[in-house]
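Working notes, structure below.
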């Protein structure tokens, strides 16, 4: 699997997990947010970021976050299985 051109990753993991396994090396922009900011509509994301791929530690919160973002008019999808599944899918 390759990440589509123009996709922005939305990383919902806690700061310590982001530092331990950063997603910045995947060659796509990464926005680091928490679920509460998305629920409150205070995420600062806009359609000009392109499609959003939301990831979290295990995959549970990303689905909820993607639904909230779609309700805000954004093109958002969750990656099932969390960061581990995403990184495994990107391996050659």
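The values are calculated or read from the model by the stated rules, or taken from the named source; none is laboratory data. As the structure is a prediction and not an experimental result, all values here were calculated from the model. Glycine also receives a Cβ, built like all others from the backbone with ideal geometry; neighbour counts cover every protein chain displayed.
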Count of residues meeting criterion [surrounded by 18 or more Cβ atoms within 10 Å (Cβ to Cβ) and over 14 Å from residue 28 (Cβ atoms)] in the stretch 73-92: 4
Looking only at the stretch 55-72, and only at residues there that are in contact with a helix residue (DSSP H, G or I) (Cβ under 7 Å, 6 or more places away or on another chain) and not in a helix (DSSP H, G or I), the one that is surrounded by the most Cβ atoms within 10 Å (Cβ to Cβ): 55
Filtered residues of the stretch 43-54 (kept if out of contact with any strand residue (DSSP E or B) (no Cβ under 8 Å at 6 or more places or on another chain) and either outside any loop (DSSP other than H, G, I, E, B) or modelled with pLDDT under 95 (or both)): 47, 48
Residue match in the stretch 74-82 (condition: in contact with a strand residue (DSSP E or B) (Cβ under 7 Å, 6 or more places away or on another chain), at pLDDT below 95 and not in a loop (DSSP other than H, G, I, E, B)): yes
Extreme residue, nearest to residue 8 (Cα to Cα), among residues of the stretch 29-42 that are under 11 Å from the mean Cα position of the chain (by Cα) and assigned to a loop (DSSP other than H, G, I, E, B): 29
Of residues in the stretch 5-14 being over 13 Å from residue 76 (Cα atoms) and surrounded by 10 or more Cβ atoms within 10 Å (Cβ to Cβ), the one nearest to the chain's Cα centre (by Cα): 12
